[in-house]
Amino acid sequence: MGENLLEIKGLCKHFNLKKSIFEKNKKVLHAVDDVTLEIKKGETLGLVGESGCGKTTLGRTVVRLYEPTSGEIVYDNKNITNLNFQEMKSFRRKIQMIFQDPYASLNPRQTIGDIIKEPMEIHNLYEEKNRDKKVLEILELVGLNSSHMSRYPHEFSGGQRQRVGIARALACNPEFIVCDEPISALDVSIQAQIINTLEELQKKLGLTYLFIAHDLSMVKHISDRVGIMYLGKLVEISTSDEVYNTPLHPYTEALLSAIPIPDPDISSKKERIILEGDIPTPINPKGGCRFKSRCPKAFEKCEEIEPKLIEVRENHKVACHLYTNI
Ligand SMILES: Nc1ncnc2c1ncn2[C@@H]1O[C@H](COP(=O)(O)OP(=O)(O)O)[C@@H](O)[C@H]1O
Ligand SMILES: [Mg+2]
């Protein structure tokens, strides 16, 4: 696991919002702001942060469903930031996305067979006569079977529908999948099954994942490395073990303290960090650290200077003035 499959450099995705006639200044929502990270071939990078911090926007920009505002996306050593629709086609096959709400992303009027076959047709994969066989193979890979092929999405449970979502993503033989909170909408009892399926598929097919979640407990198991986002910024990134055992950013510490521990002895000793203060808006963000209004450890410098993401331990980067001595 050495080579990078995906590198994003200084990636920004800003949305221009409509302003009312009473407002003078342009309103720009900084959904993703200057994010730099890389994902190695075959690894799973977990991406965690509260709702609204820009995870989905980052995922959608990486798969080029959104045009980046600035920055670079390099996939398998090729800069895909400015490729046009036609040039993107071969990459679209390789880079797929699984969505949080499989029901909303599946066409209710198509049978499961047709839903999975569609990407094959779009990308002109496999001979037409072989496609049904291929669909069946994929259904079996994700834990479904031939009896499901002629059914419609509404006939399935949430977990099965997510399996269909995974099958559709696999239809065009991808290398890299952005999994956008694929288990958040599912019952707890089903979540582990879907995670297991995703892990088995990764092993069998050599896939690389960007796995998005809103809490750290979900990604611990599946991720090799974990990145933490706060209001459009990547604030910490390291191996899974480092982030769990030696968190550096006060926001990561707070997220970790919120994970329930099943053992009451440990649980009663653990201190839960409750974040106070307002969540600032991502519209026209002001200077300084974005976490300062809620940070229990904020000091003067945090008001004025935005901390940069720097490597403070081996393979462990953090953007926090507690670790900068300039
Ligand atoms: N198409 C859009 N137009 C304007 N603002 C958007 C759009 N999509 C997302 N946003 C805003 O960008 C921010 C990040 O959203 P999102 O990426 O969905 O966060 P997350 O997935 O972490 O919950 C939010 O403030 C959201 O309101
Ligand atoms: Mg989201």
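The values are calculated or read from the model by the stated rules, or taken from the named source; none is laboratory data. Predicted, not measured: the structure shown is a model, and the values here were computed from it. Here Cβ is always computed from backbone atoms with ideal geometry, including for glycine, and neighbour counts include all displayed protein chains. Areas reflect the complete protein model, heavy atoms only, side chains present, ligands, DNA and RNA absent. Shrake-Rupley method; radii C 1.70, N 1.55, O 1.52, S 1.80 Å.
Quick notes on this structure:
- Extending 7 Å from the Cα toward the beta-carbon at both Y103 and I21 defines two label points whose distance is 4.2 nm.
- Under the shape rule built on the C-alpha gyration tensor, where the axes satisfy a ≥ b ≥ c, the range 102-153 is oblate, since a/c reaches at least 1.5 while a/b does not exceed b/c.
- Just checking the listed ones, L83, L139, L58: in the Gaussian network model of the chain with Cα springs under 10 Å, the one fluctuating most is L83.
- Semi-axes of the equivalent ellipsoid for the range 4-287, computed as √(5λ) from the eigenvalues of its C-alpha gyration tensor and ordered from largest down, come to 32, 25, 18 Å.
- Protein heavy-atom surface of the chain, 1.4 angstrom probe: 49% of the accessible area is carbon and sulfur, with nucleic acids and ligands not counted.
- In degrees, nearest ten, helix 112-122 long axis to first principal axis of the chain (Cα): 80 degrees
- Accessible area (Å², 1.4 Å probe, nearest 10) - K89: 80 Å²
- Note on the range 1-74 and the range 113-170: Cα centroid distance 30 Å, given to the nearest whole angstrom.
- Each listed q (0.10, 0.22 Å⁻¹) maps to a log10 I(q)/I(0) for the range 136-240, found by the Debye formula over equal Cα scatterers with no solvent: -0.31, -1.26.
- Cα gyration tensor shape of the range 178-287, rounded if a/c is under 1.5, else prolate or oblate by comparing a/b with b/c: oblate
- Taken over the range 1-137, the convex hull of the Cα atoms encloses 174 Å³ per residue.
- Difference of contour (0.36 nm per residue) and Cα-Cα distance, K89 to E303: 72.6 nm
- Rounded accessible area per residue of the range 169-227, 1.4 Å, Å²: 37 Å²
- Positive-end residue of C179, V226, L255, charge dipole of the chain with Cβ unit charges: C179
- Longest exposed-site-free window of the chain, the sites being GluC sites (Glu not before Pro) in a DSSP loop that have at most 14 other C-beta atoms within 10 Å: 128-270
- Largest-first ordering by accessible area, 1.4 Å probe, given options I21, I222, I190, I274: I21, I274, I190, I222
- Its Cα centre serving as origin, the range 4-287 has a Cβ charge dipole (Lys and Arg +1, Asp and Glu -1) of approximately 960 debye.
- Lone cysteines, the chain (no partner Cβ under 4.7 Å): C12, C53, C172, C179, C295, C320
- The range 122-213: trypsin sites (Lys or Arg not before Pro) in DSSP coil with no more than 15 other Cβ atoms inside 10 Å: R151
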